[in-house]
Amino acid sequence: MDLSIVVPSYNEEESLGELVAWIGRVMADTKWTYEIIIVDDGSRDATMKVVEDLSEHNNAVKAISFRRNYGKSAALNVGFAAAQGSVVITMDADLQDSPDEIPALMNMILVEGYDMVSGWKKVRHDPLSKTIPSKIFNGVVRNISGIQLHDFNCGLKAYRSDVVKSVEVYGEMHRYIPLLAKEAGFNKIGEKVVTHYERKFGVSKFGIERTIKGFLDLLSVTFMSKFGKRPMHLFGALGTLMFFIGFVAALWLGSKKIWCVCNGIPMPLLTSSPYFYLALTCMILGTQLFLAGFIAELVTRNAPERNVYMIAKKIGVE
């Protein structure tokens, strides 16, 4: 199988038939074998009925259906697991992503050797309520991750098969697949300007809460990528720093008290100074952070996947 096209779908009964026909016209001009995996994310309309009808007339159409809505990340994750193609392309079901981009994306993977290619909707047909937060979000992710992509949210992406088989997409992490791929050792990540169409049917499934969740997920994926297998490096360092600050402050207060007593200089009780409580708080927080890191390290050391490595190739080794 040359190509797997994974299409997450939620209440998109009106657009699926046109999308499958469009993909078929594009693929008819190529010699690639392909499959279309439509993942019905618990739709409440007739999406699954439409997919069943399409599969009866087109052997390339395959389907996975959830009992309820789990989100785009879950849909992509099961689609990736089912994909059999050497190249995997994802696109949204709302006809805003163009199947005409498929040959160029395939060429970037197969010929130019990219591990993954992300679409860039340089000209967007969305309201300002979506485009402005998206620009801010993409700028933040770009600066934090170091991956120079303009549109992390674009649903149109292409991957080598071993990329999607090496990452686990959960929660709302579909926005951060480039980060997950980079963490798994796939560093050749490209970008292609793609055509973006206005939504033809239905309504957008995303609101302003997507931006809020996106930033929270960014903190999560950044932490997991840097400290997921070495939590002591973060908590231990912060705990040591906090304890050191509190200890130095307490030592200074105690030394000052002793010096005043030795020289007969009246001085109020240490417990009447707010700095005493700040120093004590710092030492307590430092101890707690250090213990949190220690416990997290014990949990990590006993995790069954603690020594899972992304191996690129084996020669003469089973």
Give me the percent of the accessible area of the chain that comes from carbon and sulfur atoms, probe 1.4 Å, all protein chains in place. 62
Run the 1.4 Å probe and let me know the accessible area of L280, rounded to the nearest 10 Å². 70
Per DSSP H run of at least 4 residues, take -39500 (n - 2.57); add these up for the chain, divide by its residues and hand me the 222 nm value, nearest 500 deg cm²/dmol. -15500 deg cm²/dmol
Relative contact order (percent) for the chain, with alpha-carbon contacts under 8 angstrom and 6 or more residues of separation? 17
On average, how much accessible surface per residue is there in the chain, in Å², for a 1.4 Å probe, leaving out ligands, DNA and RNA? 55
Using the crude model of +1 on Lys and Arg Cβ and -1 on Asp and Glu Cβ, and no other charge, please compute the dipole size for the chain relative to its Cα centre, in debye to 20. 1560
Checked region 155-194 with the C-alpha gyration tensor, a ≥ b ≥ c its square-rooted eigenvalues, rounded below a/c of 1.5, otherwise prolate if a/b is larger than b/c and oblate if not; verdict oblate
Suppose accessible area is computed on protein heavy atoms with a 1.4 Å probe; arrange Y275, Y170, Y159 from highest to lowest. Y275, Y170, Y159
List the relative contact order of region 18-132 as a percent without decimals, with contacts defined as Cα pairs under 8 Å and 6+ residues apart. 25
Amide H proximity to E191 below 5 Å, modelled H, separation 5+ or other chain, gives S118
What fraction of the Cα pairs in the chain, stated in percent, has a spacing above 38 angstrom? 32
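The values are calculated or read from the model by the stated rules, or taken from the named source; none is laboratory data. This is a predicted model, so every value here is computed, not measured. Don't worry about glycine lacking a Cβ; one is built from the backbone with ideal geometry, like all the others, and counts go over all protein chains shown. When the accessible area is computed, the model is the full protein with side chains, heavy atoms only, and any ligands, DNA or RNA have been set aside. Shrake-Rupley method; radii C 1.70, N 1.55, O 1.52, S 1.80 Å.
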